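Notes follow the structure.
The values are calculated or read from the model by the stated rules, or taken from the named source; none is laboratory data. Since this is a predicted model, take the numbers as computed values, not measurements. Glycine gets a Cβ as well: all are built from the backbone with ideal geometry, and neighbour counts include every protein chain shown. Only protein heavy atoms, including side chains, enter the accessible area calculation; ligands, DNA and RNA are left aside. Shrake-Rupley method; radii C 1.70, N 1.55, O 1.52, S 1.80 Å.
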Amino acid sequence: MFRFLVCRGVTARAPQEGLSWFSSFNLSRSIHSIPFATVDVEEISGSQPAEVHNLVQGKWKGSSSWNTLLDPLNGDPFIKVADVDEAGIQPYVESLSKCPKHGLHNPFKEPERYLLFGDISAKAAHMLSLPKVSDFFTRLIQRVAPKSYQQALGEVQVTQKFLENFSGDQVRFLARSFGIPGNHLGQQSHGFRWPYGPVAIITPFNFPLEIPALQLMGALYMGNKPILKVDSKVSIVMEQMMRLLHYCGLPVDDVDFINSDGKTMNKILLEANPRMTLFTGSSRVADKLAVDLKGRIKLEDAGFDWKILGPDVQEEDYVAWICDQDAYACSGQKCSAQSMLFMHENWSRTSLVSKIRDLAERRNLGDLTIGPVLTFTTEAMLEHMSKLLQIPGSKLLFGGEPLKNHSIPPIYGAIKPTAIYVPLEEILKKNTYELVTREIFGPFQIVTDYKRDQLPMVLDAVERMHAHLTAAVVSNDPLFLQEVIGNTVNGTTYAGLRARTTGAPQNHWFGPAGDPRGAGIGTPEAIKLVWSCHREIIYDVGPLPRHWEIPPST
């Protein structure tokens, strides 16, 4: 274990140092230290709590009010977060208000900044590729959002690859324009991607690095100035990522970073009036913000995500493994987690469910393949299970018990991976559908089966769902795939024998469909959709036709 001998004063020089990063950075030194870090992951504890600061108008700041977080594995007060209350929002409002609607850069204003962000991305990608830095962020994620090392590392790798993808000239390619011939000589219409200017980003706890980092960089690439709020339970991860970005050349006043409760953030949004807000989180909050912000919002809200197994049974072990991963990796705390499994009757006759159960039972707290649930208590999840088991024909397939021999504080949940069988006919009943499709953000799924002639009932069930994020159609039967894909809407849908609901890499569009407010993440299409708007400029420079005269009034 290495101790990070870094003082906070490093960040004050970050922009100048970052611009000459490749010439001044000593690679051998980077292996033994992390020049941007202000915490030692292994030493964060009740006796040595870490601190998370805010960033506004280019300066890192503490607060008169500190919110103390409990370690989700043992309940120790291990992180202090500088909490901004409603009385302290004015600097953030002023900072956003200083950014013009036409942004910090656009195709006609400071286009050099497109190149700057290509360079920043290249440097940050290289930093994340260093084993010491990659391990630092992986372990930091594990400390605040406990998941297996491999799952946490996946976040770091996706972020690193994303930054690689937008290195060099790729940022300015996001602002590619087009031209159309006009009606007469000297007239041409040109379409441009234009920033919104002041924007806001609000992200949840479950992906502390990947979601905020990708959305933040997308906003910056297009010329916006963001205020970033990450769920305070995990915001230490993105605070350290912000320091890495400053070290790699990000101007310190390009982004504001805030820790606050939801009420305070809502007040900032109403007073600062950002031109666009990206919200990732619950549907209830998303709908409130859509009204408060008069529709100036993009959403990646909750997803009750489904998987349909088709009639062609094959590779049973593989399908069982993917089902286990989709439902229970990260303790089910993924917006893409498998919430409902529809099995064709051919699959019902196999040992698929027992194989999923065997895989689920391998999970344990020791390696964090199962862990604390940060938004539902154990009692709440077991109460929901009890209600489901009152439905006629329902039964517990496996799980349904609290985890044992742990020190997870009671404010969090701790249950074994759980699956409840509910008959398809019962799911479709009006008085049970809402209960069955309630999203439990934990290791919890509904399983049902259907006969060959009941596919329309399955399609009816998924049609009624309101959040169409991810889905999987597990079949290599082209006619079956055609039928299901043609009658569903989920924005990220995997199709084929190896189909899954989770694990989208950086080269996939990830986002919901069927809602004009839907956001995307990861790809050039997602960045352009969420973080820029279309501007049309019609050049009409002449010349006038020879002997032109003023025509009659029309």
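The label-point distance for Glu42 and Tyr149, in a model that sets each label 7 Å from Cα toward Cβ, rounds to 1.2 nm. The residues of segment 306-495 present an accessible area of 42 Å² per residue when probed at 1.4 Å with all protein chains retained. Within the chain, antiparallel bridges make up roughly 40 percent of the DSSP beta bridges whose residues both belong there.
Amide H to amide H, which residues 5 or more places from Val447 or on other chains are under 5 Å from it, using H placed in the peptide plane? So Val447 has HN proximity to Leu341, Ile420, Tyr421, Val422.
Sparse packing (at most 14 other Cβ atoms within 10 Å of the Cβ) combined with a DSSP loop state is found for the following chymotrypsin sites (Phe, Trp or Tyr not before Pro) in segment 66-143: Phe108. For Asp76, the residues whose amide H sits under 5 Å from its own are Asp71, ignoring neighbours fewer than 5 places away on the same chain, with H placed 1.01 Å from N.
Among the protein heavy atoms of the chain, carbon and sulfur supply 53% of the accessible surface, probe 1.4 Å, non-protein parts ignored. Legend: distances between Cα atoms for Lys233/Lys294; Lys147/Lys225; Lys225/Lys298; Lys98/Lys229; Lys132/Lys416; pairs beyond 23 Å are Lys233/Lys294; Lys147/Lys225; Lys132/Lys416.
Where nothing but the Cβ of Lys and Arg (+1) and of Asp and Glu (-1) is charged, how large is the charge dipole of the chain around its Cα centre, in debye to the nearest 20?
In total the dipole reaches around 900 debye.
In sequence order, segment 157-164 has phi-based couplings of 5, 4, 5, 5, 5, 4, 5, 4 Hz under the Karplus curve 6.51 cos²θ - 1.76 cosθ + 1.60, θ = phi - 60°, and Gly or Pro positions carry x.
Please compare each pair in Lys123/Lys288; Lys355/Lys451; Lys109/Lys334; Lys161/Lys334; Lys61/Lys267 to a cut-off of 30 Å on the Cα-Cα distance and tell me which ones are over it. Flagged as over cut-off: Lys123/Lys288; Lys109/Lys334. Free of any trypsin sites (Lys or Arg not before Pro) that DSSP assigns to a loop and that have at most 14 other C-beta atoms within 10 Å, the longest stretch within the chain is 177-293. A simple rule links phi to the HN-Hα coupling: the Karplus curve 6.51 cos²θ - 1.76 cosθ + 1.60 with θ = phi - 60°, which for segment 71-82 gives 4, x, 9, 9, x, 5, x, 10, 9, 10, 10, 5 Hz, with x for Gly and Pro.
Counting only residues at least eight positions apart within a chain, or on another chain, the aspartates and glutamates with an alpha carbon under 20 Å from that of Lys80 are Asp40, Glu42, Glu43, Glu51, Asp71, Asp231, Glu239, Asp256, Asp261. Based on DSSP, what percent of beta bridges with both residues in segment 306-495 are antiparallel, to the nearest 5? In segment 306-495, approximately 20 percent of DSSP beta bridges are antiparallel ones. Sequentially through segment 366-379, phi angles give Karplus couplings (6.51, -1.76, 1.60; θ = phi - 60°) of x, 10, 6, 6, 9, x, x, 9, 8, 10, 9, 7, 4, 4 Hz, Gly and Pro residues having no value and appearing as x. With an 8 Å Cα cut-off and a minimum separation of 6 or more residues, compute the relative contact order for the chain in percent. Once divided by the residue count of the chain, the mean separation gives 16 percent.
For every helix of n ≥ 4 consecutive DSSP H residues, a contribution of -39,500 (n - 2.57) applies; sum these over the chain, divide by its total residues, and give [θ] at 222 nm rounded to the nearest 500 deg cm²/dmol.
Here the helix-only value at 222 nm equals -10500 deg cm²/dmol.
Annotation: extensible slack from Val291 through Asp367 equals 23.1 nm (criterion: 0.36 nm per residue apart, minus Cα-Cα distance).
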